[in-house]
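Visitor: Here you go, one structure.
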Amino acid sequence: MVGRSLKPVGAQLLFSSGLVSLKRAFGPRNRAIVLMYHRVNDAQDPFFPALPVRVFARQLDYLQKRYRIEPLESVMEWVERGGGEGPRVALTIDDGFPDTYENVFPELVKRNLTATLFLSTAPLETRRPLWTEQLRFAFKHTSREELHVRALALEGLRLGDRESRIASLKKVLRRLKKQTAQVIEECVSEIESKLAPAGPSVRVLSWDQVREMTRGGHVRIGGEP
């Protein structure tokens, strides 16, 4: 089974230098390793955590020197054929943010590598960020001191300083990710209204940027089967 042979690895969990022996860590030579990236930028924003660009570049250099990096489809086909002479490595990106275009894409082009982007299309269509990003923005830019979200059984969430806002944000995200789409929509709307954030709007990818990334084959769009 392909699902049993593909090993997902959070890219940010690699050592910052990239000096992790994937072969030693994941064993068999017919094992495929799928690295999952998310945000890659140098903003150092704790509300929107990201992997620094230099670390991302260093990891790509390390992997390219030591492993065979192929598009995800090719790696899956290799696994289905029985593997051998591995492991193989596939690069994937979740959701897609402006820094996917600004930072990830150029590093892939520079090394002639391909990554699979599991693109969230709602922001491109609506020009509004994902609900998780809306919440991050709201907690970052609020001037409120406290928050009550009765639908999530969260009362008296502290917002007085940055650390408190981050801790409260994490609690809300954990609760909401277990809810239905309708509850999520209602709660996000309520929280935004109560927090009344004031700040620069969250940027999203454009279809033109997605088309440019995919045109040369360095980024492929993935999807659920």
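The values are calculated or read from the model by the stated rules, or taken from the named source; none is laboratory data. Note that the structure is a prediction, hence the values are computed from the model and not measured. Counting neighbours? That spans all protein chains shown, and the Cβs are built from the backbone with ideal geometry, glycine included. To get the accessible areas, we keep the full protein, side chains included, count just its heavy atoms, and leave off ligands, DNA and RNA. Shrake-Rupley method; radii C 1.70, N 1.55, O 1.52, S 1.80 Å.
Visitor: If the elastic network links every pair of Cα atoms under 10 Å, which of 43, 138, 90 fluctuates the most in the Gaussian network model of the chain?
Guide: Looking only at 43, 138, 90, the largest GNM fluctuation is found for 43.
Visitor: Further question: Can you compute 3J(HN,Hα) from phi for each residue in segment 81-86, using the Karplus curve 6.51 cos²θ - 1.76 cosθ + 1.60 with θ = phi - 60°, rounded to whole Hz and x for Gly and Pro?
Guide: Ordered by residue, 3J(HN,Hα) equals 7, x, x, x, 6, x Hz.
Visitor: Evaluate the relative contact order of segment 146-210 (contact order divided by residue number), counting alpha-carbon pairs under 8 angstrom at least 6 apart; express in whole percent.
Guide: Over segment 146-210, the number comes to 24 percent.
Visitor: Post the alpha-carbon centroid distance, segment 82-135 to segment 147-225, in whole angstrom.
Guide: Cα centroid to Cα centroid, the span is 18 Å.
Visitor: Karplus couplings for segment 153-162 from phi (6.51 cos²θ - 1.76 cosθ + 1.60, θ = phi - 60°), rounded to Hz, Gly and Pro as x?
Guide: 6, 10, 10, x, 5, 7, 9, x, 9, 4
Visitor: Report the accessible area of residue 56, computed with a 1.4 Å probe over the heavy atoms of all protein chains in place, in Å² rounded to the nearest 10.
Guide: 0 Å²
Visitor: Of the heavy-atom accessible surface of the chain (probe 1.4 angstrom), what whole percent is carbon and sulfur?
Guide: It is 49 percent, rounded to a whole number.
Visitor: Counting only residues 5 or more places away or on other chains, whose amide H sits under 5 Å from the amide H of residue 154 once H atoms are built in the peptide plane?
Guide: Amide H neighbours of residue 154, under 5 Å, 5+ apart: 149.
Visitor: Residue farthest toward the positive end of the dipole of the chain, with Cβ of Lys/Arg at +1 and Asp/Glu at -1: which of 113, 123, 219?
Guide: In the chain, that residue is 113.
Visitor: What is the helix-to-structure angle for 131-141, meaning the angle in degrees between its Cα long axis and the longest Cα principal axis of the chain, kept from 0 to 90 and rounded to the nearest 10?
Guide: 50 degrees
Visitor: Further, regarding this structure: Could you list which residues have their amide H under 5 Å from that of residue 42, counting only those 5 or more apart in sequence or on another chain, with H placed in the peptide plane?
Guide: Close amide H contacts, sequence-distant or interchain: 53.
Visitor: From the phi angles alone, apply the Karplus equation (6.51, -1.76, 1.60; θ = phi - 60°) to segment 105-120 and give each ³J(HN,Hα) in whole Hz, x where the residue is Gly or Pro.
Guide: Residue by residue, segment 105-120 yields 3, x, 5, 5, 4, 4, 9, 6, 10, 10, 10, 9, 9, 8, 7, 8 Hz.
Visitor: Taking the Cα atoms of segment 138-185 alone, what are Rg (to one decimal) and Dmax (as a whole number) in Å?
Guide: When restricted to the Cα atoms of segment 138-185, Rg and Dmax are 10.8, 30 Å.
Visitor: Kindly report the accessible area of segment 37-88 per residue (heavy atoms of protein chains, probe 1.4 Å, no ligands, DNA or RNA), in Å².
Guide: On a per-residue basis, segment 37-88 sits at 50 Å².
Visitor: Considering amide H positions built from the backbone, and no H for Pro or chain starts, which residues 5 or more places from residue 146, or on another chain, come under 5 Å of its amide H?
Guide: So residue 146 has HN proximity to 159.
Visitor: Just from its helices, what would the mean residue ellipticity at 222 nm be for the chain, if runs of 4 or more DSSP H residues each count -39500 (n - 2.57) and the sum is divided by every residue, rounded to the nearest 500 deg cm²/dmol?
Guide: So the helix-based figure for the chain works out to -12000 deg cm²/dmol.
Visitor: Can you tell me the relative contact order of segment 84-211? Whole percent, Cα pairs under 8 Å, sequence separation 6 or more.
Guide: 31 percent
Visitor: Here's a follow-up. Shape call for segment 173-225 from the C-alpha gyration tensor, a ≥ b ≥ c root eigenvalues: rounded (a/c under 1.5), prolate (a/b greater than b/c) or oblate?
Guide: oblate
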